[in-house]
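Okay, structure first, notes after.
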Amino acid sequence: MDFEHLIKVMRRLALEAGDKIMEIYNAPDFEVKSKSDNSPVTEADEATDALISAGLRAAFPDIPLVTEEQAETHDQSVSTFLIVDPLDGTKEFVQRRGDFTVNIAYVENGVPLRGVVFAPAKGRLFYTLAEGRAVEEIGPDFSKDTVGTQKPITVSVPDNRGLMVVASKSHRDQATDDYIGKYAVKDMRSAGSSLKFCLVATGEADLYPRLGRTMEWDTAAGDAVLRGAGGEMIRFEDHAPFTYGKPGFENPFFIAYAPGVLLVK
């Protein structure tokens with residue numbers, strides 16, 4: 001894989017998708033439908049999926065593609081692939097809360113090596129460079145043709161006075177609160193979509209536990225950014241390494257964290 005070319009393509013597609021999302025987001029109204037699992041889907045999900053998948057297939061025709069909005073891609077058995085969530089945080093989008101992202105990642109042998117997370121309403125763009133290091137490109141305005149100022153990001157060294165914890169805005173539950181309660185917590189914040197990974201990656205949070213259902217397209221890009229910033233993501237149940245290409249691309253519960261955090265079981 002030519003990682004320089006990969007990052008250039010993923011960054012451009014994420015920015016183009018962000019433009020399309022914001023065009024629909026800022027319209028007076030947009031249609032919201034329900035998928036078979038009763039989760040919402042909007043014209044923004046569908047339009048950006050078409051844009052990103054066409055761009056990736058044209059640039060990398062020999063690499064399998066998995067995308068949330070194309071059910072036929074979910075039956076593949078692959079360990080090296082591109083994976084896309086064209087609009088992560090649809091509930092945030094529908095409620096006009098701004099915490100939604102475009103997620104594009106490249107997984108090789110079960111490991112998310114490279115990824116881009118773009119939060120268009122927040123003006124925040126995170127990605128891995130060709131060598132794997134994670135950066136945040138300084139916005140809020142981004143050129144598709146010229147890369148702007150890149151700020152290297154790295155996970156925090158946790159404060160001994162307590163942890164900064166980030167949790168889901170739309171999927172918080174008692175089990176999550178019970179787990180967080182096992183730690184000395186300095187402060188809590190809620191965020192939607194894969195932004196939670198990026199907050200750990202930048203050191204704005206130390207710990208992100210998820211005791212709820214997610215799919216690989218929800219996590220791969222954020223996981224790649226987190227790993228590129230020195231962070232880790234493990235299975236909640238046994239603290240085993242977190243891998244991709246699982247049957248149906250379904251995730252177990254997980255913990256994303258800065259390595260200085262002393263995890264409890």
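In this rough spin-label picture, where each label sits 7 Å from Cα along the Cβ direction, the A50-S34 distance is 2.5 nm. Which residue, A71, A50, A134, tops the fluctuation ranking in a GNM of the chain built on C-alpha contacts under 10 Å? Largest GNM mean-square fluctuation: A71. For the pair the range 198-265 / the range 2-25, the C-alpha centres are spaced 23 Å from each other. Rounded to the nearest 20, the size of the Cβ-charge dipole of the range 163-257 about its Cα centre is 140 debye, with Lys and Arg at +1 and Asp and Glu at -1.
The dipole here belongs to the chain: it is taken about the Cα centre, uses +1 on the Cβ of Lys and Arg and -1 on the Cβ of Asp and Glu, and is about 800 debye. Between the Cα long axis of helix 216-228 and the first principal axis of the chain there is an angle of about 70°, rounded to the nearest 10. Here's how it looks for S194: its modeled amide H is under 5 Å from those of T101, which are all 5 or more places away or on a different chain. When peptides 139-146, 238-245, 181-188 are sorted by average Cβ neighbour count within 10 Å, with the highest value leading, the order is 238-245, 181-188, 139-146. The sum of -39500 (n - 2.57) across all DSSP H runs of n ≥ 4, divided by the residue count of the chain, sets its helix-only mean residue ellipticity at 222 nm to -8500 deg cm²/dmol. Compared with the dominant Cα axis of the chain, that is its longest principal axis, helix 3-25 is turned about 80°.
A Stokes-Einstein calculation at 37 °C with viscosity 0.692 mPa s, built on the Kirkwood radius of the range 107-227 over Cα pairs, returns a diffusion coefficient of 216 µm²/s. Here the residues T48, T176, ranked from fewest to most Cβ neighbours within 10 Å of their Cβ, fall in the order T176, T48. Which residue fluctuates the most in the chain, going by a Gaussian network model with Cα springs under 10 Å, if the choices are D75, D218, D49? Of D75, D218, D49, the Gaussian network model singles out D75 as fluctuating most.
Efficiency by 1/(1 + (r/R0)^6): what FRET value for K144 and K246, r their Cβ-Cβ distance, R0 = 30 Å, to the nearest 0.05?
Working: r = 33 Å, r/R0 = 1.11.
Taking R0 as 30 Å, the efficiency between K144 and K246 is 0.35.
List residues of the range 174-213, by number, whose backbone nitrogen lies under 16 Å from a label position 7 Å along Cα→C-beta of F253. 174-183, 208-213, by backbone N distance to the label point. Counting beta carbons within 10 Å around each of K169, K33 and listing the fewest first gives the order K33, K169.
What the phi angles of the range 145-154 give under the Karplus curve with 6.51, -1.76 and 1.60, with θ = phi - 60°, is a coupling list of 9, 10, 6, x, 5, 9, 9, x, 10, 8 Hz, glycine and proline written as x.
Past 21 Å, Cα to Cα, is the threshold; run K91/K246; K91/K169; K151/K196; K122/K196; K20/K91; K169/K196 against it and keep the listed order.
Check vs 21 Å cut-off fails for K91/K246.
Potential lengthening of the chain between M22 and V264 amounts to 83.1 nm, from the contour at 0.36 nm per residue minus the alpha-carbon distance.
Each value in this text was obtained by applying a stated rule to the coordinates, not by laboratory testing. Since we're looking at a predicted model, the values are computed, not measured. Cβ coordinates were reconstructed from backbone atoms using ideal geometry, including for glycine residues, and neighbour counts include every protein chain displayed.
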